[in-house]
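Notes for the one structure printed next.
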Amino acid sequence: MPNVYQNMTDAALDAALAELERQADDLKALNLKLDMARGKPSPEQTALSKPMLDLLTSDSDLSDQGVDADNYGAPDGLPSARALAAELLGVDAANVSVMGSSSLNIMYDCVEHGYVHGIAGEKPWCQQGEVKFLCPAPGYDRHFTVTESFGIKNIPVPMREDGPDMDVVREYVEKDATVKGIWCVPKYANPTGVTYSDEVVRAFAALSPAAPDFRIFWDNAYAVHTFEGEGDKLMNIFDALAEQGGDKNLVYEFASTAKVTFPSSGMAWVTASPADMAELRRAFASMRVSPEKISQLAHVRFLKDAAGVAEHMKKHAELVAPRFALVEQKLADGLADLDVATWTHPKGGYFVSFEGPEGSAKAVVSLAKELGVTLTPAGAPWPYGADPRDTNIRIAPTYPTLEELGQALDVFVVAVKLVSARLAKAERA
């Protein structure tokens, strides 16, 4: 359906363009330097966890259920850290390894394991010729970068309102043995904010892969990051597997405290079936003796349990919710009546996914940069940065102050309007 600018007379469109150019010049004159490129917690959010820094001193008891946090040992992490991770994901602590502060690092290690050593006794992927990963898109660019770095072919899969298009996923996974994995952010997905429906989760659990070494990379990064009401409910993928008999080696699930406490200074973990965890432990044993456990000890004493995490995340929600409300207000006030864009309305997570007119995203991001606002590069949520319609932009509202966010969104709205009007004008040339 034509948008407002496409429906204007030539004279009205020229007048609208002139007014929007004037608004853009006024914004440029402000010399703004605002950054909404990545989904980072604000300083107010990280400050919520600073009391944790006071919990361990030189006089502290650094033991945890018979394990010394200040020495080697416990390669799967402290018992209390594994118990907390297991409680948050609803799995058996025996199948959890807590290591490092970045779940992305663990994902990389799992891809590397498949590529160099092979999974489930199969040949290493590097010896199998072309191998592929499925990439629900728009999705998380750093996921796609991991597999791309190994020369694995990334294949986009359409995202729907309840998760990836499972007809497409099933066609690839069950008929093509070169497909070795799929990237998933199942709750408050990056960047759409979608939470996979029970039907989609069960469809994943029911997959019968053509490749024995196919694994679902289930990155549950936003499992506790609700900022509106009760939020969305995500079915436990391992419960869905149990409904199928529970004997499949199919899922690697990841999570961390990156946006719960301190990014890059928290704890991260992986869980999988007993057989897959045994294999991963053997692989990880050759590269690490034990994780950094003092940080784990501080986290457990600060967060305590799932109830403690929930209370802590309510404080995050008080800071995050107004930012997302401001995004909704600014986009609705500035664009809702123009029919030039749609955007998502998440109840949790860190992003809003914005869709503009076809052929607009790169131009909007470039113009916003000229006007003083840095956004995520257009196309980033697609494999190889190649958005086939050039429409998607990821909005990351958490880091700026509310005042800065309001300014950035004003710039963004003008950029979308001006680019949309320019496209309408170009169609008439």
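Within the range 253-277, residues that are closer than 16 Å to ASN220 by Cβ reach partners that are among the aliphatic types (A, V, I, L, M) and open to solvent by 20 Å² or more (accessible area, probe 1.4 Å) with beta carbons closer than 6 Å, at six or more positions or on different chains, in the pairs ALA255/ALA223; GLY266/ALA258; THR271/VAL91. Per this entry, TRP382 is counted among residues that are under 15 Å from the mean Cα position of the chain (by Cα) and under 28 Å from PHE227 (Cβ atoms). Residues of the range 379-392 include at least one that is on the phi > 0 side of the Ramachandran plot and part of a helix (DSSP H, G or I).
Being open to solvent by less than 10 Å² (accessible area, probe 1.4 Å), touching a strand residue (DSSP E or B) at 6+ places or on another chain (Cβ under 7 Å) and not aromatic (Phe, Trp, Tyr) narrows it down to one residue among LEU207, LEU134; which is it?
LEU134 is the lone residue from the list that is open to solvent by less than 10 Å² (accessible area, probe 1.4 Å), touching a strand residue (DSSP E or B) at 6+ places or on another chain (Cβ under 7 Å) and not aromatic (Phe, Trp, Tyr).
Among the conditions (1) over 17 Å from VAL169 (Cα atoms); (2) free of Cβ contacts under 8 Å to residues at least 40 places away in the same chain, the only one that GLN128 does not satisfy is (2).
Selection of the range 133-183 for residues being among the basic types (Lys, Arg) and under 14 Å from GLU112 (Cα atoms) yields only LYS180. When SER58, SER80, SER63 are screened for being open to solvent by 80 Å² or more (accessible area, probe 1.4 Å), among the small types (Gly, Ala, Ser) and at pLDDT 95 or above, only SER58 passes. Return a yes/no flag: does the range 261-276 have any residue that is open to solvent by 50 Å² or more (accessible area, probe 1.4 Å), of a type in the set (A, V, I, L, M) and either at pLDDT 95 or above or within 30 Å of PRO397 (Cα to Cα) (or both). Yes: the range 261-276 contains one or more residues that are open to solvent by 50 Å² or more (accessible area, probe 1.4 Å), of a type in the set (A, V, I, L, M) and either at pLDDT 95 or above or within 30 Å of PRO397 (Cα to Cα) (or both).
For the range 63-168, please list each of the strands (runs of 3 or more DSSP E) lying entirely inside it that holds at least 3 residues being closer than 20 Å to ALA211 by Cα. In the range 63-168, the matching strands (runs of 3 or more DSSP E) lie at 132-137, 153-160.
Pairs, please: C-beta under 7 Å, at least 6 apart or cross-chain, first residue of a type in the set (Gly, Ala, Ser) and in the range 1-20, second open to solvent by less than 60 Å² (accessible area, probe 1.4 Å)? Short answer, once both residue conditions are applied: ALA16/TYR5; ALA16/MET8; ALA16/ALA421.
In the set (1) open to solvent by less than 40 Å² (accessible area, probe 1.4 Å); (2) over 26 Å from SER101 (Cβ atoms), the condition left unmet by GLU243 is number (1).
If only one of ALA278, ALA258, ALA285, ALA272 is in contact with a Gly (Cβ under 9 Å, 6 or more places away or on another chain) and closer than 19 Å to SER97 by Cα, which one is it? Within the list ALA278, ALA258, ALA285, ALA272, the selection yields ALA258.
Only residues that are part of a helix (DSSP H, G or I) and either of a type in the set (Gly, Ala, Ser) or open to solvent by less than 10 Å² (accessible area, probe 1.4 Å) (or both) were counted across the range 393-418, and they come to 9. Quick check on the range 296-303. Is at least one of its residues within 19 Å of LEU84 (Cβ to Cβ), of a type in the set (Gly, Ala, Ser) and surrounded by fewer than 19 Cβ atoms within 10 Å (Cβ to Cβ)? No: the range 296-303 contains no residue that is within 19 Å of LEU84 (Cβ to Cβ), of a type in the set (Gly, Ala, Ser) and surrounded by fewer than 19 Cβ atoms within 10 Å (Cβ to Cβ).
Taking the range 153-166 as the range and being open to solvent by 10 Å² or more (accessible area, probe 1.4 Å), of a type outside the set (A, V, I, L, M) and touching a helix residue (DSSP H, G or I) at 6+ places or on another chain (Cβ under 9 Å) as the test, the residues that pass are LYS153, PRO156, PRO158, ARG160, ASP162.
The values are calculated or read from the model by the stated rules, or taken from the named source; none is laboratory data. Values in this document were obtained by computation on a predicted structure and should not be read as measured data. Because the Cβ atoms are built from the backbone with ideal geometry, glycine has one as well, and the counts that use them run over all protein chains shown. What goes into the accessible areas is simple: the full protein's heavy atoms, side chains included, and nothing from ligands, DNA or RNA. Shrake-Rupley method; radii C 1.70, N 1.55, O 1.52, S 1.80 Å.
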